[in-house]
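K.L.:
Next up is a structure, given as structure tokens.
The values are calculated or read from the model by the stated rules, or taken from the named source; none is laboratory data. Just so you know, these numbers come straight off a predicted model, no measurement behind them. We place every Cβ from the backbone using ideal geometry, glycine too, and count neighbours over all the protein chains shown.
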């Protein structure tokens, strides 16, 4: 009896240890740099060929998934099957870096980031959505282009699809989000359906922060 009890306690301890280790792995997830040749997980396009913020999803047991735009990351993440997995999501803080070449030293948690829908700015697939670590930086751009500040929970597959259908980027037709449902009425969530951007160049509307000298990650 004592032997069986000891075995049961040991099994429980191992299970608890495994859960704690998995939790720690997710908590310690760190963003990785984008490199020349990286392809978007959704559309297959060369990620570094396009300006604007990128996205990536890290899972403790699978290879990193990279996306050519924040919109593509959001569209993928909003698939119900992806939200059941322990993914860590990252996007660029566009207050720290050049719009044409986002700085991989400033990849931030996409789940706590601030978003500004900016169809007039150049980007990759989907509607261009600028991303920021700080609300004040997002608000500054939103006021400049006549948009509003959103959070991750404000986006749905339906309104992303509608925004993509109504925007074009540098001659590329808007890309239908993977798995999106047919376009319908947009969600009235704050900041998603109220963007009426002007035609200002991105550099004129972007908040600026000094970035300490450092070698940029390999592209």
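K.L.:
Determine whether residue 116 is part of a strand (DSSP E or B), in contact (Cβ under 8 Å) with a residue 12 or more places away in the chain, in contact with a helix residue (DSSP H, G or I) (Cβ under 6 Å, 6 or more places away or on another chain) and buried (at least 20 other Cβ atoms within 10 Å of the Cβ). Talk me through it step by step, then tell me what you get.
P.N.:
Numbers: part of a strand (DSSP E or B): yes; in contact (Cβ under 8 Å) with a residue 12 or more places away in the chain: yes; in contact with a helix residue (DSSP H, G or I) (Cβ under 6 Å, 6 or more places away or on another chain): yes; buried (at least 20 other Cβ atoms within 10 Å of the Cβ): yes.
So residue 116 passes the test.
K.L.:
Could you check, for region 53-75, whether at least one of its residues is at negative phi, more than 10 Å from the chain's Cα centre (by Cα) and in contact (Cβ under 8 Å) with a residue 60 or more places away in the chain?
P.N.:
Quick first cut of region 53-75, residues at negative phi only: 53-75.
Those left that are additionally more than 10 Å from the chain's Cα centre (by Cα): 58-65.
If we keep only those that are in contact (Cβ under 8 Å) with a residue 60 or more places away in the chain too, we end up with none.
No, region 53-75 contains no residue that is at negative phi, more than 10 Å from the chain's Cα centre (by Cα) and in contact (Cβ under 8 Å) with a residue 60 or more places away in the chain.
K.L.:
What about residue 153, is it within 17 Å of the chain's Cα centre (by Cα), modelled with pLDDT of 95 or more and part of a helix (DSSP H, G or I)?
P.N.:
Values: within 17 Å of the chain's Cα centre (by Cα): yes; modelled with pLDDT of 95 or more: yes; part of a helix (DSSP H, G or I): yes.
Taking the combined requirement at face value, the residue satisfies it.
K.L.:
If we scan region 165-184, do we find a residue that is over 23 Å from residue 45 (Cβ atoms), surrounded by fewer than 22 Cβ atoms within 10 Å (Cβ to Cβ) and modelled with pLDDT under 95? Before you say what the answer is, go through the steps one by one.
P.N.:
Going residue by residue through region 165-184, those that are over 23 Å from residue 45 (Cβ atoms) are 182, 184.
Subsequent filtering for residues that are surrounded by fewer than 22 Cβ atoms within 10 Å (Cβ to Cβ) retains 182, 184.
Then keep just the ones that are modelled with pLDDT under 95; that gives 182, 184.
Within region 165-184 (the criterion being over 23 Å from residue 45 (Cβ atoms), surrounded by fewer than 22 Cβ atoms within 10 Å (Cβ to Cβ) and modelled with pLDDT under 95), the answer is yes, since at least one residue qualifies.
K.L.:
Can I ask one more? Any chance you could count how many residues in region 83-110 are under 19 Å from residue 42 (Cβ atoms) and touching a residue at least 24 places away in the same chain (Cβ under 8 Å)? I'd like the intermediate steps shown before the answer.
P.N.:
Applying the first criterion (under 19 Å from residue 42 (Cβ atoms)) to region 83-110 yields 83-85, 87-92, 102, 107, 110.
Add one more test, that the residue is touching a residue at least 24 places away in the same chain (Cβ under 8 Å), and what stays is 85, 87-92, 102, 107, 110.
Adding up the residues that qualify gives 10.
K.L.:
What helices (runs of 4 or more DSSP H) completely inside region 1-111 contain at least 1 residues that are surrounded by 14 or more Cβ atoms within 10 Å (Cβ to Cβ) and modelled with pLDDT under 95? Spell out how you get there, then give the answer.
P.N.:
On the way: elements: 2-27, 70-77, 80-83.
Ranges flagged: 2-27.
K.L.:
Here is a follow-up. Test residue 125 against the stated conditions and say whether it is in contact with a helix residue (DSSP H, G or I) (Cβ under 9 Å, 6 or more places away or on another chain), part of a loop (DSSP other than H, G, I, E, B), surrounded by 24 or more Cβ atoms within 10 Å (Cβ to Cβ) and at pLDDT 95 or above. Walk me through how you get there before you give the answer.
P.N.:
Numbers: in contact with a helix residue (DSSP H, G or I) (Cβ under 9 Å, 6 or more places away or on another chain): yes; part of a loop (DSSP other than H, G, I, E, B): yes; surrounded by 24 or more Cβ atoms within 10 Å (Cβ to Cβ): yes; at pLDDT 95 or above: no.
No: the conditions fail for residue 125.
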